[in-house]
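> Here's a structure for you.
The values are calculated or read from the model by the stated rules, or taken from the named source; none is laboratory data. None of the values given here were measured: they were computed from a predicted structure. Cβ coordinates were reconstructed from backbone atoms using ideal geometry, including for glycine residues, and neighbour counts include every protein chain displayed. In case anyone asks, the SASA skips ligands and DNA or RNA and just uses the protein heavy atoms, side chains included. Shrake-Rupley method; radii C 1.70, N 1.55, O 1.52, S 1.80 Å.
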Amino acid sequence: MGKNSLRRNTWQQRGKLIDTINFILCILILISGIILMINVRKYMFMFPVIFLLAAVMNGCLGVKKYKMDEYAGCILLFTAAVILLGFSVFSLIIIL
């Protein structure tokens with residue numbers, strides 16, 4: 001009994017950590033988007049950054065869904081993360 005409650009407690013702490021990471025990533029994505037809107041040509045390098053941050057955010061949420069045994073949401077989030085990672089690499093290649 002004690003071991004299961006310890007695992008549950010540890011996972012709750014990790015879930016809060018993932019939520020905090022997602023909150024920080026959301027703020028970074030918003031700041032990057034605002035900077036990009038100031039001058040698109042000057043800050044063109046922000047496109048790969050935004051896509052990469054979004055991919056990391058979806059990956060973190062996918063891990064959280066996996067640990068919560070929500071496999072359909074997990075697969076969807078990991079698929080979105082892979083697509084966004086591809087967008088990031090593609091936009092980086094175009095910019096360079």
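> When both residues are 6+ apart or on different chains and their Cβ atoms are under 6 Å apart, which pairs have a first residue that lies in region 74-96 and is more than 13 Å from ALA55 (Cα to Cα), and a second that is surrounded by 14 or more Cβ atoms within 10 Å (Cβ to Cβ) and among the hydrophobic types (A, V, I, L, M, F, W, C)?
SER91/PHE47
> So the check is Cβ under 7 Å with 6+ separation or different chains; which pairs have a first residue in region 24-38 that's free of Cβ contacts under 8 Å to residues at least 40 places away in the same chain and a second one that's in a helix (DSSP H, G or I) and of a type in the set (D, E, K, R)?
none
> Can you tell me which residues in region 67-82 are part of a helix (DSSP H, G or I), surrounded by 12 or more Cβ atoms within 10 Å (Cβ to Cβ) and not β-branched (Val, Ile, Thr)?
LYS67, GLY73, CYS74, LEU76, LEU77, PHE78, ALA80, ALA81
> Do we find that LYS64 is out of contact with any Ser or Thr (no Cβ under 7 Å at 6 or more places or on another chain) and open to solvent by 60 Å² or more (accessible area, probe 1.4 Å) in this structure?
On the way: out of contact with any Ser or Thr (no Cβ under 7 Å at 6 or more places or on another chain): yes; open to solvent by 60 Å² or more (accessible area, probe 1.4 Å): no.
For LYS64, the condition - out of contact with any Ser or Thr (no Cβ under 7 Å at 6 or more places or on another chain) and open to solvent by 60 Å² or more (accessible area, probe 1.4 Å) - is not met.
> Now, a different point. Taking the conditions exactly as written (open to solvent by less than 70 Å² (accessible area, probe 1.4 Å) and part of a helix (DSSP H, G or I)), does ALA54 satisfy them or not?
Taking the combined requirement at face value, the residue satisfies it.
> Determine whether MET44 is exposed (fewer than 14 other Cβ atoms within 10 Å of the Cβ), within 18 Å of GLN13 (Cα to Cα) and not charged (D, E, K, R).
no
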